[in-house]
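Everything below concerns the one structure shown next.
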């Protein structure tokens, strides 16, 4: 049963596998509300369908998924108030939770750009396949937002303090780096993807060991480029383990004096260009998320994103969208403009409940109590 | 990665393929059902955590994260989750080296920044938070840091003067100097005034000469001395021109920068212990060790270059008391860390009780969850209430300490003694109950609960033996009574103001409503304290009238003294619970705390002393017990949320608290 070529999510049924393809190439497959709703609907239906054992997610064109459709969210908020934005994220985070706690394996083929919401739609699944075309980033701090979609869960679980580095700087990774740090579970050259897909479609099992060994047959263990930042994990750990963003910056500045490596000054520049409020709430979010299950992470991120949409403590999100997505002058005017002007109490506020009468915390969808696989149980 | 898949394979297959529609009918094999999916939080666990942690929550999470992300903290994967805990299967020598490497790592990350070089409430609270977090990881880490920072550092801060502070504190904060604290001797522990180490002054050379005159004078249990410490504070008698001026504290170098033991110093190991093997406890002997004159910590007394003894405090008793200041803060740290061990144990035992089943009520019915047995609720839930009470009391104690004034010293001394003894005893009791509640699994070191007993047992005797501390509490209450009586003045301080009011009356029939009323609960606790204090004073006076000295009289009345000390602690702890509850707005958080407060009060009132001294009739005693079981079943639905609010991150609990079936699967062998 092939779906219409105009649909934003294409569905193919292959024996026990279902292939879901993002089909919004003009927008680099950015997630619209419609796509998120459709995915949620499909995932819920497949969970109870004994004829579905495996879900494959991929993107059409040169992108897996470039993120949530933030421009549309901003448009909706301007038209209908912050609630419209909150609804988008509520739906998206619900999908993220469902994927994270899904009883059947999800294989995401990350053959291209995977950013922001695209990571939310893939990193929580059991298998993530990177290729030489993969391009990863969580670039939210440049936009006045913070790494959401459960990033406080999956970034914080990367080795050392690499998660802080990725989340604060929005640094880009290639497929090899994604595999090295564990964001990807496999690396498969794109030329082998059609064969991989065919092999996966022949599977009649949800057994992660079986699926892993199939992907393994097409996988390679490529080595990192010499100048890869992942080879500088010791420096990243020393700097990004610091307690505050200010201390992270001064640690980087000290390292810059000692080493004169280009990536360090790039990192400093990037941090200085990002929204100060975003940096502070992002760091806190990753630190808290490191100690929480995926459910509480998403509940907290939903609180945070509602505060961001309301713009009560800072309107950086709207300014960031204006400068990066709409006017494209790439010159956002953050307010507060400096790290030291962002009060701790303001940061605290982002983590509190929204004081609005009919506002409620994110309600996580019910999950089966008895037959979740152990790798899911471990995330709760 | 493949290894991980293998691990999950067997159980996954089993769960995915063999589950019939109704899970309860499948008794073929047990499956782990995560409590997160069946239990609901009726209150906000983050808010509750903020309330009971009380301060520096962000700092705590940062420190937890620093440990979790480093290989040095021995991360291991069990059941798909990461747990961090030292490898206690290593030899004591290896464990000591690991403790030291962990300290170096934390130092490098700035975890101790400003700990010794800054003063004031903010840094002191931060330090408390840090110690609590480190104690959750490992008692050796806590103790090794404690010996360096609050004993060595505290001695220099409290007993030294400006030039000591300038010379030693910054280098100590950076660990250029590794300090330890040599007070206890083989022959003298709690009785510090009896130490036998002797120091004389040699005015011809201008320095002190220190000696260990006999074997019982060897310094014993000195944490850090066996391997790492370069310097120590030594407590020694000071003899000046043939006069013993009492115990004084001296800085003595025991190793050079390369770790070689200094001349005229002998050091030996204390050997393997029932816990704390990551701390290098040592023994020290001094053989005519020359100590520079300026190394006398001289805030209380000094010796002039020509050998004259100078002290601003004439009375030797008061002089000695001033030397004990660093121990007070030690007691605060110990009391607070004990509470966190109870939290770890309860979180593990209660989470396990929410996932482990045993026995069916009828054939073919599913087995019953441990925590659904009223008896299991009765074992664990009151301990959770006690732990909440201790949390509030610990926060009160910390505030009392950081806001200290010369006038509050006495109160701090009494309250810290009382809470240190009570919390550490409670902790040992809670650990034992939780260990048993976990059954055989509680015996596995990796599950933490049982192992913590060996690690934390020491808390009941270090920084003051609990029994002796509690005797001091009773003596202090006696003193307050006598002072009020002598001057015919009202009681003021130590929470004894209730003594000025008419004696509370306990109703002849205790209904459920009365039992849950905070006013009644407070009355019942005050009544016991008041009556025991009256009895204690009367008995001591009677002994004295029979010709015994005050000291002898105290010794004779030890049974009442013990009961009185306990009564004081219970009441003082309860008071902090009431105060914490009062700060909250109406809502689910306040409701559940109100229920916990009632439970805490009732388990105090259930104590045998209420029947022994006749404060409760036998019938009312039965009413109290019945109400306790009712409250336990009311709190049962909150059990998961109550232990989640303890704020111990998953990696610092243990495999038994999570998917213990997967953690023990064949594929994980």
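Here, each number is a calculation from the coordinates, and none is a lab measurement. These numbers come from a predicted model, not from an experiment. A quick note on method: Cβ atoms are made from the backbone with ideal geometry, for glycine too, and the neighbour counts reach across all protein chains shown.
Sort out for me the Cα centre separation of the range B:612-669 from the range A:102-180, rounded to whole Å.
39 Å
Over the alpha carbons of chain B, what is the largest minus smallest coordinate on each principal axis, giving the biggest first in Å?
Result, largest extent first: 93, 69, 42 Å.
Which shape class, rounded, prolate or oblate, goes with the range B:127-236 when its Cα gyration tensor gives a ≥ b ≥ c as root eigenvalues, a/c under 1.5 marks rounded, and past that a/b bigger than b/c marks prolate? It would help to have the intermediate numbers written out before the result.
Working: a/c = 2.28, a/b = 1.37, b/c = 1.67.
Oblate shape, in that a/c is at least 1.5 and b/c is the bigger or equal ratio.
For a label point 7 Å from the Cα of residue B:38 along Cα→C-beta, name the residues of the range B:358-395 whose backbone N is under 12 Å from it.
B:358, B:366-373
Remind me, what semi-axes does chain A give for its equivalent ellipsoid, largest first in whole Å, using sqrt of 5 times each Cα gyration tensor eigenvalue? Don't skip to the answer; put the middle values down first.
Values: eigenvalues 208, 125, 72 Å².
Three semi-axes, in Å: 32, 25, 19.
With chain A treated as a Gaussian network of Cα nodes joined by springs under 10 Å, which of A:338, A:192, A:369 yields the largest mean-square fluctuation?
Ranking A:338, A:192, A:369 by mean-square fluctuation puts A:369 first.
Only helical DSSP H runs with n ≥ 4 go in: add -39500 (n - 2.57) per run for chain B, normalise by residue count and round the 222 nm mean residue ellipticity to 500 deg cm²/dmol.
On the way: 24 runs with 332 residues, N = 669.
Estimated from H runs of four or more residues: -16000 deg cm²/dmol.
From a point 7 Å beyond the Cα of residue B:664 in the direction of its Cβ, which residues of the range B:349-364 have a backbone N at a distance under 16 Å?
Counting backbone N atoms under 16 Å from the label point, the list is B:349-359.
Rg and Dmax of the protein assembly as shown, Cα atoms, in Å?
Considering the protein assembly as shown through its Cα atoms, Rg and Dmax are 31.8, 106 Å.
Please compute the Kirkwood hydrodynamic radius over the range B:399-441, one decimal place, Å, based on all pairs of different Cα atoms.
Working: mean 1/r = 0.0808 Å⁻¹.
It is 12.4 Å.
Top mean-square fluctuation among A:240, A:127, A:370, Gaussian network model of chain A, C-alpha springs under 10 Å?
Of the options given, A:370 has the highest mean-square fluctuation.
Against the longest alpha carbon principal axis of chain B, how many degrees, from 0 to 90 and to the nearest 10, is the axis of helix B:57-68 turned?
Between helix and principal axis, roughly 80 degrees.
For chain A, what is the relative contact order in percent, using Cα pairs closer than 8 Å and at least 6 residues apart in sequence?
On the way: 696 pairs, mean separation 65.8, N = 380.
It comes to 17 percent, rounded to a whole number.
Could you tell me what a quarter of the Cα convex hull surface of the range B:251-391 works out to, in nm² with one decimal place? Numbers along the way, then the final one.
On the way: hull surface 62.2 nm².
Spelled out: convex hull of the Cα atoms, projected over all directions, averaged, 15.6 nm².
Quote the relative contact order of the range A:151-276 in percent (integer), defining contacts as alpha-carbon pairs under 8 Å separated by 6+ residues. Can you show the working numbers first?
Working: 97 pairs, mean separation 32.2, N = 126.
RCO, the range A:151-276: 26 percent.
Under a crude label model (7 Å from the Cα following the beta-carbon direction), how far is residue B:506 from residue A:327 in nanometres?
Placing both labels 7 Å beyond Cα along the Cβ direction yields 7.5 nm.
Give me the extension gain from residue B:618 to residue B:409: residue separation times 0.36 nm, minus the current Cα-Cα distance, reported in nm with one decimal.
Working: separation 209, 0.36 × 209 = 75.24 nm, distance 4.13 nm.
Once the chain is fully extended between residue B:618 and residue B:409, it gains 71.1 nm.
Tell me whether the range A:138-253 comes out rounded, prolate or oblate; compute the Cα gyration tensor, take square roots of the eigenvalues as a ≥ b ≥ c, and use a/c under 1.5 as the rounded threshold.
Values: a/c = 2.70, a/b = 2.08, b/c = 1.30.
Note, shape of the range A:138-253 comes out prolate.
To the nearest 500 deg cm²/dmol, what mean residue ellipticity at 222 nm is calculated for chain A from DSSP H runs of n ≥ 4 alone, each contributing -39,500 (n - 2.57), summed and divided by the residues?
-13000 deg cm²/dmol
Once the Cβ-Cβ distance between residue B:541 and residue B:367 is put in as r, and R0 is 56 Å, what FRET efficiency do you end up with, to the nearest 0.05? Don't skip to the end; give the middle numbers.
On the way: r = 60 Å, r/R0 = 1.08.
FRET efficiency, residue B:541 to residue B:367: 0.40.
Once fully extended, how much extra length lies between residue B:582 and residue B:313, figured as 0.36 nm per residue of separation less the alpha-carbon to alpha-carbon distance?
On the way: separation 269, 0.36 × 269 = 96.84 nm, distance 4.30 nm.
Once the chain is fully extended between residue B:582 and residue B:313, it gains 92.5 nm.
Can you give me the angle between helix B:409-437 and the longest principal axis of chain B, using Cα atoms only, in degrees from 0 to 90, rounded to the nearest 10?
It is inclined by approximately 40 degrees.
Computed FRET efficiency, Cβ-Cβ of residue B:215 and residue B:193, R0 22 Å: what is it to the nearest 0.05? Working shown, then result.
Numbers: r = 20 Å, r/R0 = 0.90.
In this case the efficiency is close to 0.65.
Treat each spin label as a single point 7 Å out from the Cα along the C-beta direction, and report the residue A:13 to residue B:519 distance in nm.
7.1 nm
Within a 10 angstrom radius of each residue's Cβ in B:58-70, how many Cβ atoms of other chains show up on average? Whole number is fine. Write down the numbers at each step before the final one.
Working: counts 10, 1, 1, 7, 9, 1, 3, 12, 5, 0, 4, 13, 4.
Mean partner shielding for this stretch: 5.
With an 8 Å Cα cut-off and a minimum separation of 6 or more residues, compute the relative contact order for chain B in percent.
Values: 1038 pairs, mean separation 118.0, N = 669.
Relative contact order of chain B: 18 percent.
Can you compute the modelled spin-label distance between residue A:25 and residue B:256, with each label point 7 Å from Cα toward Cβ, in nm?
So the label points at residue A:25 and residue B:256 sit 7.6 nm apart.
Work out the FRET efficiency for residue B:264 and residue B:107 from their Cβ-Cβ distance, taking R0 = 35 Å, and round it to the nearest 0.05. Working shown, then result.
Working: r = 31 Å, r/R0 = 0.87.
Working from the Cβ atoms, E equals 0.70.
What is the distance in Å between the Cα centroid of the range B:216-255 and that of the range B:348-412?
Each part reduced to its Cα centre gives a spacing of 41 Å.
List the extent of the Cα atoms of the range A:46-101 along each of their three principal axes, largest first, rounded to whole Å.
Here the Cα extents, ordered largest to smallest, are 43, 29, 16 Å.
As a footprinting exposure proxy, order B:429, B:239, A:6 by other Cβ within 10 Å, with the fewest listed first.
Values: B:429 13, B:239 17, A:6 7.
Neighbour counts put them in this order, fewest first: A:6, B:429, B:239.
Taking a ≥ b ≥ c as the square roots of the eigenvalues of the Cα gyration tensor of the range A:336-380, is the shape rounded (a/c under 1.5), prolate (a/b larger than b/c) or oblate?
Here the range A:336-380 falls in the oblate category.
With the Cα gyration tensor of the range A:234-291 in hand, convert its eigenvalues to equivalent ellipsoid semi-axes via √(5λ) and list them largest first in whole Å.
For the range A:234-291, the semi-axes come out at 20, 13, 8 Å.
Starting with the fewest neighbours, write out B:334, B:136 ranked by other beta-carbon atoms found within 10 Å of each beta-carbon. If you can, show how the numbers build up before the last one.
Numbers: B:334 29, B:136 26.
Fewest to most other Cβ atoms nearby, the residues stand as B:136, B:334.
Within a 10 angstrom radius of the beta carbon, how do B:556, B:210, A:35 rank from fewest other beta carbons to most?
Working: B:556 17, B:210 22, A:35 25.
Starting with the residue having the fewest Cβ neighbours, the order is B:556, B:210, A:35.
Please identify which residues in the range A:318-351 have an amide N closer than 15 Å to a label point set 7 Å out from the Cα of residue A:78, following the Cα→Cβ vector.
A:318-329
Most fluctuating residue of A:350, A:165, A:46 in a GNM of chain A with Cα springs under 10 Å: which is it?
A:46
Residue B:375 to residue B:634: extension gain in nm, 0.36 nm per residue of separation minus the Cα-Cα distance? Before the final figure, lay out the partial values.
On the way: separation 259, 0.36 × 259 = 93.24 nm, distance 1.37 nm.
Length gained, residue B:375 through residue B:634: 91.9 nm.
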